[in-house]
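The values are calculated or read from the model by the stated rules, or taken from the named source; none is laboratory data. None of the values given here were measured: they were computed from a predicted structure. Heads up, the Cβs are rebuilt from the backbone with ideal geometry, glycines too, and the neighbour counts pull from every protein chain shown. Each accessible area value is taken on the protein alone, full model and side chains, heavy atoms only, with ligands, DNA and RNA left out. Shrake-Rupley method; radii C 1.70, N 1.55, O 1.52, S 1.80 Å.
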Amino acid sequence: MERVKYYSKNDLGNGLQLLQTEKVLDRYQEGQSYSNINDVLELYNVKLFLDNGLSLCSWTEKQIANYKQKIKGFGRDIVVFFREQNSIEGLLNDVDFAYYQDFWDIIESFGLLDLLTEETIESILKIDPEQIEYILHCKEIVRKYDDTLCTFLLSYPKAINLLLHTYLIIDTDFDKRKLYLPKSLSLEQKRQIVEDYLKSGKASLNVVQLIMQAKDVDGFSLTPKIKLLAKKLEPQLNVVPENAIVAFCQTGCSIQFSNEKGIPHKKAWLDGLIFNYVYSEEYLDSLYEDQLLDVFVSCFEYLDSCGLLKLCYNWHEDDILERVCTKEVKGFYPINKFFRMKNNIAVSQLAMFDAYLRRRGKSLEVIIKSYYENHFKKAYGFPSLSLNLAKDEEDFVNKNKVIASEMESVVKQFNLFVEEGEIDPELFQMSMPLPISLSKSLLWGRHKYVVWGDKCQEVFTPMKLLFSDQSLLSFVEPFKDKRYHTLFELLTHELCEEYDKYENHQRPKIDYLISQGYLIIDNGLVKLSSSPRIEILGYMYKKTEMVYYCHTPQVRAEIDVMVKEGILSYDDYLLSPQERHYINFFLNASEYSNGLQLRNKYSHGAMSCLDSEEEHKNAYYYFLMIFVIILLKMNDDMNLALWLNEAIKRGKELV
């Protein structure tokens, strides 16, 4: 469609749309008449650009003032056109697909609700049932025609999709419109819609799996009977048809502990889609007992160079199909193929390492106990209480019960140490239980992590233009054949680019980044500015969180400015927000209904779903992995606090 279309204030295509907006504004004549509904709807979209403060950098202040004066007459033109029409239904038939939502928005926001009747709504939905979604974005229309819309939804085959998007599916687009369901649609009726869908014979596997694990939310919950119905239906849908053409792709990992002399302590490579790892037993044999747990950082790379856990879900690791097809669901921890792979590798590394330790006459439990009781005392003066894990000969059910309790005890001790500076055994016994994810950092009040703030959307546009592979700003002569993915990648590798090489549709985006201080023009060349904000946005785009003291004083100073602006915020817990989500996914149901819920199963005795000893053993390895992660995070936290305290004592600039 060649017409102007406003999507959102942060849309990457706004520059190109503003070029078209300029043409519409320049040819507009006050009082002109219209015969095409789409011409009128285009005026509305032009008005949205100006109302939201969007303009081309090439526009002068006088030009902007002139345009703002022009759009004052748009509302009158729009209302006059709509009121002159004989039939709303006939008018809608001529609307371009991209303008459907604008049509209903105009009726709601321009005082035209009187043009609608119950019969009109019924007629429109009978002809085009898909209009229901556009209508449900309009709160006042839904309020006025509540009963009519409720009646329609009860017989609408796709009502299940509207329910799921209203209550369960998270729209990652911050500008996505909210759906308003009729208030007269009761909880019982919503459940009936779900049940009818499951019995319709047209249920899809993805929706059924979502229903099986749906978390109760305000206004929507499913009975155990409905979830059981979905559970019984799932295996019937999860079957490959006999005549289907299936392509297999082998993936996996190979982990080896080698006794060969003189090899590197670790070696990793990718052979096709098989991850290969070789670790030197000679190197491992040289480590003291208190050093062995650090292998999970130096060899297995559980943590990155800043101490952030690398095993958490990261949307950048989605493949293209997962990005397009996967929806984020309320109460679901997002899982992609790479998340499964790297966590399978991590727990396999742990199991193989435990087998190596047993060949040395030790075990991972012994190493964990030594690390907590001895290493923390020697290195940091941490007053560890005794750690009591289950004996080796005990069954895995009991081992899991014990390790769940001891893990919580360790975290509770650490939090008490943060708050009191010591661990009083009596105070410890009297203190309330503490969820593992809520332990504070020793840097409490001194900025441990940096996360997005309430006003983070203000920097999303420049961040996407610089770091998204969808901005198309890296596709420019003479570097098109080099296939750079992002503008930042282009300007980092090529150092500079001629401004005149950018095409007309790209220049508004470049101009915007220049106006915001992210780019500069130097002798006709486009270059990255020296603003530390670029480094911050790049890191946040990839990780969504940062370790404050892992960055230079200049970057930290800019972080402080962005915190004052509300763009960023500090977070001072032992675990970062992403790490807390990860831990909760494995241990409990406090956030996610699709997690393993290991702590709940063993602490509350709900183990009926785990029948075999092998399943209990696998659960135990996950418990060990989580315990190792917690100890590594505690070690990193105490090490960072020690460094910070010593630097402050010496009056040394933090570098």
Failed criterion for residue 501 (all others in (1) among the basic types (Lys, Arg); (2) closer than 19 Å to residue 458 by Cβ; (3) open to solvent by 40 Å² or more (accessible area, probe 1.4 Å) hold): (2)
Selected residue (only one of 102, 114 is surrounded by 15 or more Cβ atoms within 10 Å (Cβ to Cβ) and assigned to a helix (DSSP H, G or I)): 102
Region 168-202, residues that are crowded, with 18+ Cβ neighbours inside 10 Å, assigned to a loop (DSSP other than H, G, I, E, B) and not hydrophobic (A, V, I, L, M, F, W, C): 180, 182
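Taking the criterion of being within 20 Å of residue 177 (Cβ to Cβ), outside any helix (DSSP H, G or I) and touching a Gly at 6+ places or on another chain (Cβ under 7 Å), would at least one residue in region 28-38 satisfy it?
Looking only at region 28-38, we keep the residues that are within 20 Å of residue 177 (Cβ to Cβ), and these are none.
No, there is no match, as no residue in region 28-38 is within 20 Å of residue 177 (Cβ to Cβ), outside any helix (DSSP H, G or I) and touching a Gly at 6+ places or on another chain (Cβ under 7 Å).
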Qualifying position, being of a type outside the set (Val, Ile, Thr), at pLDDT below 95, under 33 Å from the mean Cα position of the chain (by Cα) and surrounded by fewer than 19 Cβ atoms within 10 Å (Cβ to Cβ), among 165, 137: 165
Residue within region 598-609 that is under 27 Å from residue 541 (Cα atoms) and either at pLDDT 90 or above or not in a loop (DSSP other than H, G, I, E, B) (or both) present: no
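Every residue, every condition in (1) touching a His at 6+ places or on another chain (Cβ under 7 Å); (2) surrounded by 14 or more Cβ atoms within 10 Å (Cβ to Cβ); (3) at pLDDT 90 or above; (4) within 26 Å of residue 511 (Cβ to Cβ), yes or no:
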| residue | (1), (2), (3), (4) |
| --- | --- |
| 6 | no, yes, yes, yes |
| 9 | no, yes, no, yes |
| 12 | no, yes, no, yes |
| 42 | no, yes, yes, yes |
| 49 | no, yes, yes, yes |
| 83 | no, no, yes, no |
| 87 | no, no, no, no |
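Here is a list: 70, 126. Which entry is in contact (Cβ under 8 Å) with a residue 24 or more places away in the chain and basic (Lys, Arg)? Working first, answer last.
Numbers: 126 fails: in contact (Cβ under 8 Å) with a residue 24 or more places away in the chain.
When all the criteria are applied, what remains is 70.
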Single residue of region 344-369 satisfying the filter (surrounded by fewer than 19 Cβ atoms within 10 Å (Cβ to Cβ), in a helix (DSSP H, G or I) and of a type in the set (S, T, N, Q)) that is nearest to the chain's Cα centre (by Cα): 344
Residue within region 445-458 that is assigned to a loop (DSSP other than H, G, I, E, B), closer than 30 Å to residue 492 by Cβ and either open to solvent by less than 40 Å² (accessible area, probe 1.4 Å) or free of Cβ contacts under 8 Å to residues at least 12 places away in the same chain (or both) present: yes
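Could you run through region 451-483 and say how many residues are among the hydroxyl-bearing types (Ser, Thr, Tyr) and more than 23 Å from the chain's Cα centre (by Cα)? Walk me through it before giving the result.
At the first step, the residues of region 451-483 found to be among the hydroxyl-bearing types (Ser, Thr, Tyr) are 461, 468, 471, 474.
Narrowing further to those that are more than 23 Å from the chain's Cα centre (by Cα): 474.
The number of residues fulfilling the criteria is 1.
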Close pairs (9 angstrom Cβ cut-off, 6 or more residues apart or separate chains): farther than 29 Å from residue 644 by Cβ in region 377-393, in a loop (DSSP other than H, G, I, E, B) and open to solvent by less than 40 Å² (accessible area, probe 1.4 Å) anywhere: 392/363
Failed condition for residue 416, given (1) crowded, with 19+ Cβ neighbours inside 10 Å; (2) touching a residue at least 24 places away in the same chain (Cβ under 8 Å): (2)
